[in-house]
Amino acid sequence: MLPRLSLWLRRAAFAAVACHAALAAAAGPAPAASLYAASFKDFDRKMQPLAQYQGKTMVLYFWATWCKSCVAEVPELKSVHMKYRDRNTAVVGIAVDNADKVQKFVKDHGIEYPMYIGGNEAIDLSKKLGNTVGGLPFVVFVDAKGNIIDRILGETPKGKLESVLKAHLG
C-alpha cells in the first residue's frame, strides 16, 4: 500500500507543479500572434484586421450590449481611449452581439474607439487569448511588442484599465 501511495503522491505533486507553471505562464507576457491573425467586421460589413494595431499598446474589450457589467464599463473605456489615444494606444471593442444593436448602442453612448462585430469567432479568439470559460466581459492588454501583459475576465475594478496602461507606458 505504501508504494502505491508514494506513486500517487508523486503524480499529484507533478500535476500541481505543472498546473502552477501553466498559471504562471498565463499571468506573464505571452505572444498575441492569434490576435493579429484575426479580422472582424465593422459597421460597413468590411473586414478589419487586428494586425492594423501591431506596434501599439492595445486594450481589447470583448463585450455585448446585453451584458450589464460590459455596459457599466463603457464610460471608463471611453475615458481611457480619450486619454491614451495620442500615446500609441488603442482601445478596441469586439462585440459578441447583433450588429444593429451594437451600432445603436455605440451611437447612443458616443463611443469613438473602434468597434467590431464578432460571433463565435470572437469567443474562440477570446479563448485563445486566455478566456477559458468564454465569459464576458473579457479584457486583453497587449503591449506594443505584441505581448499579452494582462487579462481580466468579468467586471473590471474601477481604475484597473488605466493602472495597467500606466504601468506599461511609463
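Per-residue answers, yes or no, for (1) assigned by TED's automatic domain parsing to the domain that holds GLU162; (2) touching a His at 6+ places or on another chain (Cβ under 7 Å); (3) outside any strand (DSSP E or B); (4) surrounded by 13 or more Cβ atoms within 10 Å (Cβ to Cβ):
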residue	(1), (2), (3), (4)
TYR61	yes, no, no, yes
GLU73	yes, no, yes, yes
LYS78	yes, no, yes, yes
ALA90	yes, no, no, yes
LYS104	yes, no, yes, no
GLU121	yes, no, yes, yes
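When the criteria are applied in full, MET82 meets the requirement of being farther than 19 Å from PRO49 by Cα and modelled with pLDDT of 95 or more. Residue-level check: of (1) touching a helix residue (DSSP H, G or I) at 6+ places or on another chain (Cβ under 8 Å); (2) assigned to a helix (DSSP H, G or I); (3) closer than 21 Å to THR156 by Cα, SER34 misses just (3).
When SER126, SER163 are checked against the criterion of being of a type in the set (Ser, Thr, Tyr) and loosely packed, with under 15 Cβ neighbours inside 10 Å, a single residue qualifies: SER163.
The single condition from (1) outside any loop (DSSP other than H, G, I, E, B); (2) buried (at least 20 other Cβ atoms within 10 Å of the Cβ) that ASN131 fails is (1).
The values are calculated or read from the model by the stated rules, or taken from the named source; none is laboratory data. Not measured: the values here are computed from a predicted model. Every residue, glycine as well, gets a Cβ built from its backbone with ideal geometry; the counts of neighbours run over all protein chains shown.
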